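Have a look at the structure below, then the notes.
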Amino acid sequence: MELRSIEAFVRVAELGSITRASRDLGIVQPALSRHIQRIETEVGTPLLVRLPRGVQLTFAGRRFLQHSRRILQEVARASEDMNMGGDCLSGRVVVGISPTLSSLLAPGLIERCANTYPAINLTIVEEFTRRLQIDVMNGQVDIALLTNPPPNRALRFTAVLTEPIVVVMPRQSRGVSPVVTLDELASTPMLVTRGIRALVDEQLASHGVCIEVDCEIDAVEAIRRMLLRGRGTSIMPISAFRKEIDDGLLTGLAVGGVNLSRTIMLSHVGEQLSPAAHAVMGLLRAEIDTLAQRGIFSALPESAPHWSPVQERPLAGVA
């Protein structure tokens, strides 16, 4: 079984679409389909159900996805261990991470770097995608995780994950609908960052819908605290509030009728990465893979609580 086929299967499974995975991987659809068919032949069972729009994993497909992610994670670890010479690497490496990911990724990345490459001086910069892309081009940041960045010939992009964007709100009474409809989404004032607002509005444009904004707040922690205090509703990538949702402190719900998601891209300038930066990039991908194994970036279970829209009161002190 070829590693390329496993990587192709994982990307199709994560995106839920052969068409989108084909664009993401830069592989024509017939070739991508052959990768999937080759795996299905080898394991002896269908892994995907082809739908009019996209694909859906079978039970065997969900099991094989778990194995595939572990395989890719072990390969990344092997590359990390064998190719970079261990703790002899040194130098300063600056990593840029968006605020919706930094609190999730930074602790593990720092620990991995300290344990594996103690001579590397790791610096983490928290900025939104637009600023980070400029910093990477200017050489102020060596590698960055960007959310749906615009094309740029000066930079090299590698897609590392795609995750759903969901509605997040305080725990409260719910109605009979298992998802938020587009009409409900358009009529519910949201606390949202500028970047996520632009991304969601772009994906909703073909449906003739845009989100209603209560307040733009470019501070994820501020939004978290507002929601935990029982104030407002937000729309964010699932990983940003996954812990609070899983702990029952907040409610997370998918949006029906549209596949809202974001793609995280690993970015750097051409071939200019130092050996130390290459090593840190491997650590970053390993940390992301570990969190993905735990389901941090996965869609909400179908048994998620139901939701009924409520009238939002204006936030005190917000114009």
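The values are calculated or read from the model by the stated rules, or taken from the named source; none is laboratory data. The model shown is predicted, which means the values in this text are computed figures rather than measured ones. We place every Cβ from the backbone using ideal geometry, glycine too, and count neighbours over all the protein chains shown.
Inclusion of Leu273 among residues that are modelled with pLDDT under 90, among the aliphatic types (A, V, I, L, M) and farther than 23 Å from Ala198 by Cβ is warranted. For the stretch 246-276, the set of residues classified as over 23 Å from Gln203 (Cα atoms) and either buried (at least 21 other Cβ atoms within 10 Å of the Cβ) or not hydrophobic (A, V, I, L, M, F, W, C) (or both) consists of Asp246, Asp247, Gly248, His268, Gly270, Glu271, Gln272, Ser274, Pro275, Ala276, listed by residue number. Within the stretch 21-52, being in contact (Cβ under 8 Å) with a residue 12 or more places away in the chain and within 22 Å of Ala292 (Cβ to Cβ) holds for Ala21, Asp24, Leu25, Ile27, Leu32, His35, Ile36, Ile39, Val43, Leu47, Leu48.
If you take the residues in the stretch 27-79 that are in contact with a strand residue (DSSP E or B) (Cβ under 9 Å, 6 or more places away or on another chain) and among the polar types (S, T, N, Q), which one is surrounded by the most Cβ atoms within 10 Å (Cβ to Cβ)? That would be Thr58.
Across the stretch 213-238, the number of residues qualifying as among the acidic types (Asp, Glu) and either within 13 Å of Val200 (Cβ to Cβ) or not assigned by TED's automatic domain parsing to the domain that holds Glu184 (or both) comes to 1. Listed by position, the strands (runs of 3 or more DSSP E) contained in the stretch 1-97 that have at least 1 residues being at pLDDT 85 or above and acidic (Asp, Glu) form an empty set. Scanning the stretch 109-151 for residues that are in contact with a helix residue (DSSP H, G or I) (Cβ under 7 Å, 6 or more places away or on another chain) and among the polar types (S, T, N, Q), we see that the one that is surrounded by the most Cβ atoms within 10 Å (Cβ to Cβ) is Thr129. What about Leu227, is it surrounded by 21 or more Cβ atoms within 10 Å (Cβ to Cβ) and assigned to a helix (DSSP H, G or I)? Yes, satisfied.
Of the residues making up the stretch 198-214, those that are crowded, with 17+ Cβ neighbours inside 10 Å and out of contact with any Lys or Arg (no Cβ under 7 Å at 6 or more places or on another chain) are Val200, Gln203, Leu204, Val209, Asp214.
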